[in-house]
1. Yes or no: segment 16-32 includes at least one residue that is among the acidic types (Asp, Glu), over 30 Å from Glu253 (Cβ atoms) and open to solvent by less than 50 Å² (accessible area, probe 1.4 Å).
2. Going by the structure shown, is Lys50 closer than 19 Å to Thr261 by Cβ, modelled with pLDDT of 90 or more and open to solvent by 30 Å² or more (accessible area, probe 1.4 Å)?
3. Just wondering, is there one or more residues in segment 246-260 that are closer than 30 Å to Ala148 by Cβ, open to solvent by less than 10 Å² (accessible area, probe 1.4 Å) and touching a strand residue (DSSP E or B) at 6+ places or on another chain (Cβ under 7 Å)?
4. It is to be established whether one or more residues within segment 247-259 are free of Cβ contacts under 8 Å to residues at least 60 places away in the same chain, touching a helix residue (DSSP H, G or I) at 6+ places or on another chain (Cβ under 9 Å), among the aliphatic types (A, V, I, L, M) and under 25 Å from Thr165 (Cβ atoms).
5. Being under 15 Å from Asn122 (Cα atoms) and surrounded by fewer than 15 Cβ atoms within 10 Å (Cβ to Cβ) is the filter here; which residues of segment 133-157 pass it?
6. Would you list the strands (runs of 3 or more DSSP E) that sit entirely within segment 69-135 and hold 3 or more residues that are more than 26 Å from Tyr33 (Cβ to Cβ) and either of a type in the set (A, V, I, L, M) or out of contact with any strand residue (DSSP E or B) (no Cβ under 6 Å at 6 or more places or on another chain) (or both)?
7. Given the criteria open to solvent by less than 70 Å² (accessible area, probe 1.4 Å), part of a loop (DSSP other than H, G, I, E, B) and either within 22 Å of Ala262 (Cβ to Cβ) or in contact with a strand residue (DSSP E or B) (Cβ under 7 Å, 6 or more places away or on another chain) (or both), does Val44 qualify?
8. Quick check, is Gln63 surrounded by fewer than 20 Cβ atoms within 10 Å (Cβ to Cβ), part of a helix (DSSP H, G or I) and more than 23 Å from the chain's Cα centre (by Cα)?
Amino acid sequence: MKDVRLAKSAGFCFGVKRAVNTVYKEAQKGIVYTYGPIIHNEEVVKDLEKRGVKVVEDLETFQDLPKGTVIIRSHGVAKDVYDFLENKGFKIVDATCPYVLKIHRIVKEHSKRGEHILIIGNDKHPEVEGIKGWCFGNATVVQTKEKAKEFTLSGNQRICIVSQTTFNYKKFQELVEIIQKKGYDIIVLNTICNATEERQTEARAIAKNVDAMIVIGGKSSSNTQKLFEICKMECENTYYIQTLGDLDLTKLESVDNVGITAGASTPNNIIEEVQKKVRNEL
């Protein structure tokens, strides 16, 4: 029997749990759409589709759909998305994570003051796309050290720095430090959610002290990708899986202790299935 160390923070965070529960509740009432997958987990999305919930990837598609309820997912959306759906006569149920809504309010307020918004995060991630949509002025997205070094701003405009909620906290600090050295008038607001910081810190601590590490989550899940990067730095034998079926059990046969963590959009039943298999059948 393996010594298995499961992270206490593994699995649904508050925002994701709230969003998923909202969809299941609304699915019982009538026609329901989500603008993009409600969370980055294929198993959950498939189960909701079985219950009649349709995922719509672009706004234009709504013009040809029967009226119903559109659920805004936990990542949040730009202001013009709300305006478009309301104008088309859809009912909106907002399941945006409260931590993300806080960032929307921050960038809206600071951009209206004439400040340049600098978002630390992945420009292609839906959460960041949504944040940009609440900036009433110029905004820049920085994800790497190279981009931080290249960043320049003419004039005396103040800079407001925020972060994608699921960004790696250590990387956030590194990028902010690079930008601060440029001598601009800067206000830094660490908007990485507490649950993300806790999850990353715990994953790093476990990975340092095990022979192998398993990270469970959807392939397109930003916070799971960050967990994998963190664990891989501490434990070479780190494996990224979506479900138990993705795990090559032969790779764990020669190890004595295994750590397990999971992204914020990973259901508990998948985590429990992996934990049970590793602990009792190897």
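1. Yes: one or more hits.
2. no
3. no
4. Scanning segment 247-259, I find no residue that is free of Cβ contacts under 8 Å to residues at least 60 places away in the same chain, touching a helix residue (DSSP H, G or I) at 6+ places or on another chain (Cβ under 9 Å), among the aliphatic types (A, V, I, L, M) and under 25 Å from Thr165 (Cβ atoms), so the answer is no.
5. Within segment 133-157, Thr144, Lys145, Glu146 meet the criteria.
6. Of the strands (runs of 3 or more DSSP E) lying wholly inside segment 69-135, those with at least 3 residues that are more than 26 Å from Tyr33 (Cβ to Cβ) and either of a type in the set (A, V, I, L, M) or out of contact with any strand residue (DSSP E or B) (no Cβ under 6 Å at 6 or more places or on another chain) (or both) span 116-120.
7. When the stated conditions are applied, Val44 does not pass them.
8. yes
The values are calculated or read from the model by the stated rules, or taken from the named source; none is laboratory data. Given the structure is predicted, the values throughout are model-derived calculations rather than measurements. A quick note on method: Cβ atoms are made from the backbone with ideal geometry, for glycine too, and the neighbour counts reach across all protein chains shown. With ligands, DNA and RNA removed, areas are computed over all heavy atoms of the protein, side chains included. Shrake-Rupley method; radii C 1.70, N 1.55, O 1.52, S 1.80 Å.
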